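Contents: one structure, followed by commentary.
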Amino acid sequence: VFEDLFGGTAGHGGPPPRGQRGADLETTLELDFVDAIKGCEKRINLDRPQANGSTRRESLTIRIPSGVDEGGRIRLAGKGAPGSQGAPSGDLLAKVRISPHRYLKRNGRDLAMDVPISVVEAIKGAEIELPTLDGTVTLRVPPGSNGGTRLRLRGKGVPAGGGQKAGDLYVTLRIQVPGVLGPEQTRLLEEILADDGEHWRREALS
């Protein structure tokens, strides 16, 4: 009768109460620019809540896949808060923050850098050595290059991974003008580099 009236089980015969999955936890993962590009393993210390309400200090190793980007999240299954009544634990979500590089910038899987060259190198052309993530490479600067010229090194960006091909490295040439010159040096430079700058500006800006 009591079961019919109140929908109960009179203390027996009903299904056991269901447990609840543990909550997900979040942490921030600080990465060096190169480590984020190439991938690495990172060890972190975390205070994880326990079933009895206390916390326990744990050390976890996180495998960082190559090419992870700023703001990305890495999920560690079962490393969150414990579930109740035998339910599974939640996950740990590590949000990635990447420190900037001294001269490299990233756009998707491509990298970019500014490279200073001399006036003579811009006029005559040159072969210059550049540091990349894969070591030093040689870049050919075509004769007559202007400041702002953008050159591409294929496959020298973010390495291939996760079903995506390797990115490229884009190099922007920045012509460095000499400092203050003496009168004779200035005269010689004017003779060698005589041109019609006003004419070029009219063509470009009209």
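Key figures for this structure:
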quantity: Tally of residues being of a type in the set (A, V, I, L, M), over 13 Å from residue 167 (Cα atoms) and buried (at least 16 other Cβ atoms within 10 Å of the Cβ) across segment 97-122; calculated: 5
quantity: When residues of segment 139-161 are limited to those that are more than 18 Å from residue 34 (Cα to Cα) and charged (D, E, K, R), the one most open to solvent (accessible area, probe 1.4 Å); calculated: 154
quantity: Whichever residue in segment 162-192 is in a loop (DSSP other than H, G, I, E, B) and open to solvent by less than 80 Å² (accessible area, probe 1.4 Å) and, among such residues, is modelled with the highest pLDDT; calculated: 168
quantity: Test: residue in segment 96-113 that is closer than 26 Å to residue 47 by Cβ and basic (Lys, Arg); calculated: yes
quantity: Residues that are open to solvent by less than 50 Å² (accessible area, probe 1.4 Å) and at pLDDT 90 or above, drawn from segment 1-38; calculated: 25, 27, 29, 31, 33, 34, 36, 37
quantity: Residue, surrounded by the most Cβ atoms within 10 Å (Cβ to Cβ), within segment 51-93, restricted to residues that are over 21 Å from the mean Cα position of the chain (by Cα) and of a type in the set (Lys, Arg); calculated: 79
quantity: Selected residue (criterion: nearest to residue 156 (Cα to Cα)) from residues of segment 29-64 that are in a loop (DSSP other than H, G, I, E, B) and in contact (Cβ under 8 Å) with a residue 24 or more places away in the chain; calculated: 39
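The values are calculated or read from the model by the stated rules, or taken from the named source; none is laboratory data. Keep in mind that what you see is a predicted model, and the values were worked out from it rather than measured. Virtual Cβ from ideal backbone geometry, glycine too; neighbours counted across all protein chains shown. Protein only, heavy atoms only, side chains kept; ligands, DNA and RNA dropped before computing areas. Shrake-Rupley method; radii C 1.70, N 1.55, O 1.52, S 1.80 Å.
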